[in-house]
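Undergrad: I have a structure I would like to understand better, so I am pasting it below and will then ask my questions one at a time.
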Amino acid sequence: VQLQASGGGLVQAGGSLRLSCAASGRSLSIYDMAWFRQAPGKEREFVTAIRWNGISTADFVKDRFTISRDNAKNTVYLQMNSLESEDTAVYYCAAVSRWSTRNITTASAWDYWGQGTLVTVSS
């Protein structure tokens, strides 16, 4: 499966953005999906994932971000509200087989990655 992330941009603190991750090649319905992010000089970190059995979210999200999927459109979304300067990063979508038993909060657990989309939050 090929993933294409989009929707990043420059936004003021307190604002909102919606990221999209469009898949091609295979149906997203057979994959668990996630969003990670990587700030300059930092490691890639887990943001949220939507799996066959539910949604997992990093503590720092604090109900500000919502992941969703539209299997008919083969697309996963990340709605980000109340953005903070600390949210500035390149955001990546990722996919892994829904049958995976790996630790989903680690980047190595995910097999397919989009190219990333830059989110810049100005304070």
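The values are calculated or read from the model by the stated rules, or taken from the named source; none is laboratory data. Bear in mind that the values here come from a model prediction, so they are computed numbers and not experimental data. Backbone-built Cβ (ideal geometry, glycine too); neighbour counts: all protein chains shown. Areas reflect the complete protein model, heavy atoms only, side chains present, ligands, DNA and RNA absent. Shrake-Rupley method; radii C 1.70, N 1.55, O 1.52, S 1.80 Å.
Undergrad: Any residue that is modelled with pLDDT under 95, closer than 28 Å to GLY14 by Cα and of a type in the set (A, V, I, L, M, F, W, C) - is there at least one of those in segment 80-99?
TA: Checked segment 80-99: no residue is modelled with pLDDT under 95, closer than 28 Å to GLY14 by Cα and of a type in the set (A, V, I, L, M, F, W, C).
Undergrad: Sticking with this one: Please go through segment 1-51 and pick out each residue that is of a type in the set (Lys, Arg) and open to solvent by 60 Å² or more (accessible area, probe 1.4 Å).
TA: Step one: of segment 1-51, the residues of a type in the set (Lys, Arg) are 18, 26, 37, 42, 44, 51.
Matches in segment 1-51: ARG18, ARG26, LYS42, ARG44.
Undergrad: Separate question: Could you check how many residues of segment 101-123 are without any contact (Cβ under 8 Å) to a residue 40 or more places away in the chain and under 13 Å from the mean Cα position of the chain (by Cα)?
TA: Looking only at segment 101-123, we keep the residues that are without any contact (Cβ under 8 Å) to a residue 40 or more places away in the chain, and these are 101-103, 108-109, 111.
Add one more test, that the residue is under 13 Å from the mean Cα position of the chain (by Cα), and what stays is none.
Here the count works out to 0.
Undergrad: When the residues of segment 1-44 are narrowed to those that are among the charged types (D, E, K, R) and over 13 Å from MET80 (Cβ atoms), which ends up farthest from the chain's Cα centre (by Cα)?
TA: Initial filter on segment 1-44 (among the charged types (D, E, K, R)): 18, 26, 32, 37, 42-44.
Filter once more, keeping what is over 13 Å from MET80 (Cβ atoms): 26, 32, 42-44.
Working: ARG26: 19, ASP32: 11, LYS42: 17, GLU43: 15, ARG44: 11 Å.
For segment 1-44, the residue satisfying everything is ARG26.
Undergrad: What number of residues within segment 15-44 satisfy the criterion of being within 24 Å of SER123 (Cβ to Cβ), out of contact with any Lys or Arg (no Cβ under 6 Å at 6 or more places or on another chain) and in a strand (DSSP E or B)? I'd like the intermediate steps shown before the answer.
TA: Here is the first cut: in segment 15-44, the residues within 24 Å of SER123 (Cβ to Cβ) are 15-19, 35-44.
From what is left, the residues that are out of contact with any Lys or Arg (no Cβ under 6 Å at 6 or more places or on another chain) are 15-19, 35, 37, 39-44.
Within this subset, residues satisfying the condition of being in a strand (DSSP E or B) are 17-19, 35, 37.
Number satisfying all stated conditions: 5.
Undergrad: Return the pair list, or none, for Cβ contacts closer than 7 Å from residues in segment 65-93 that are of a type in the set (Gly, Ala, Ser) to residues that are open to solvent by 40 Å² or more (accessible area, probe 1.4 Å), at least 6 apart or on different chains.
TA: Close Cβ pairs satisfying both conditions: SER82/GLY14; SER85/ALA13; SER85/SER123; ALA89/GLN38.
Undergrad: Another one. So which residues in segment 78-88 are in a strand (DSSP E or B) and farther than 14 Å from GLY114 by Cβ, if there are any at all? Spell out the reasoning first.
TA: First, the residues of segment 78-88 that are in a strand (DSSP E or B): 78-80.
Within segment 78-88, GLN79, MET80 qualify.
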